[in-house]
Structure formats: C-alpha cells, structure tokens
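Values quoted throughout were computed directly from the atomic coordinates according to the rules given, and no laboratory measurement underlies them. None of the values given here were measured: they were computed from a predicted structure. Virtual Cβ from ideal backbone geometry, glycine too; neighbours counted across all protein chains shown.
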Amino acid sequence: MKKSLTWANSLDWFLALLALLTGLAVLHTFVLGEHYIIPTILLVVSVILGNLAWYGFAQVNWAKRVNFWCGFLLTSHGVFALFWSKKYREVLGDQFELVCAVITLTFLVLTWMYAKNNKLFAKY
C-alpha cells in the first residue's frame with residue numbers, strides 16, 4: 001500500500017482527513033451533544049470515506065475513480081458557491097470571493113492532478 005504524499009494520492013489523503021474529522025464529529029455529537037441518531041449517520045459517512053481512502057491508497061481502480069468523482073463534485077460545488085452562494089457570502093463578507101476561489105482552485109488542481117497521475121482517463 002503506497003501512502004506517500006504525491007499527486008496520485010492527493011484525494012486519498014483528503015478523504016482520509018475528512019473521514020477522521022467526521023469520526024471526531026461522531027464523538028463530539030455523541031458525548032457533548034448527547035445525540036444518538038446524528039452520530040450514527042455521521043459514522044456511516046466516516047466509514048464510507050475511510051474505505052474510499054483505504055482502497056484508494058491500495059491503488060484499487062474503482063476506488064480511484066470514485067475518489068476522482070468526489071473531487072469533481074467538490075470542485076463543482078465550489079464553482080456554484082462562487083457564483084450563487086448567499087449564506088457563505090454573508091458569513092465571509094468581502095473575503096468571500098478570495099476564499100471561495102482559492103478553495104475551488106485547490107480542489108480543481110487536486111482533482112486534475114489526481115486523474116492525470118492515476119491515468120484515470122488514459123486510453124489503454
């Protein structure tokens with residue numbers, strides 16, 4: 001299992017981090033929030049993201065493709081938020097365009113380089 005921090009594993013690392021944060025959110029909502037349904041839903045998300053990251057690190061082709069599409073959807077979400085978001089614009093004020101553009105471009109580069117280095121769309 002190759003776990004180096006390269007472009008070929010960039011989205012795998014992101015999904016692993018997201019799985020870890022979601023796992024921490026499970027503990028937070030269960031222990032401090034005293035909720036029982038919400039942590040179960042978050043736990044399902046955490047397990048799915050963790051498995052996608054694990055199999056992505058293991059170079060499994062279907063996981064690499066699913067991880068690419070997760071990155072594509074996050075990039076698309078950033079583009080849509082840049083032009084049509086009201087809530088984020090209210091929260092961030094004048095800094096919204098800068099923050100949203102940087103996040104969107106970061107996901108675009110991560111996704112592009114992930115697909116390129118894993119040869120997801122190369123003709124065999």
Given (1) farther than 29 Å from Phe121 by Cβ; (2) of a type in the set (Lys, Arg); (3) touching a residue at least 12 places away in the same chain (Cβ under 8 Å), identify the lone condition not met by Lys86. (3)
Of everything in the range 85-124, what is crowded, with 16+ Cβ neighbours inside 10 Å, more than 15 Å from Asn67 (Cα to Cα) and polar (S, T, N, Q)? Give them in sequence order. Ser85, Thr104
When you check Ser76 against the structure, is it surrounded by fewer than 16 Cβ atoms within 10 Å (Cβ to Cβ) and hydroxyl-bearing (Ser, Thr, Tyr), yes or no? yes
Could you tell me which numbered condition Glu34 fails, if it satisfies all but one of (1) closer than 28 Å to Ser4 by Cα; (2) among the charged types (D, E, K, R); (3) loosely packed, with under 14 Cβ neighbours inside 10 Å? (1)
Scanning the range 109-124 for residues that are hydrophobic (A, V, I, L, M, F, W, C) and either assigned to a helix (DSSP H, G or I) or touching a residue at least 60 places away in the same chain (Cβ under 8 Å) (or both), the one nearest to Trp13 (Cα to Cα) turns out to be Leu110
Answer yes or no as to whether Leu82 is closer than 22 Å to Leu11 by Cα and surrounded by 15 or more Cβ atoms within 10 Å (Cβ to Cβ). yes
Those residues of the range 45-76 which are over 16 Å from Asn117 (Cα atoms) and not polar (S, T, N, Q), in sequence order: Val45, Val47, Ile48, Leu49, Gly50, Leu52, Ala53, Trp54, Tyr55, Cys70, Leu73, Leu74
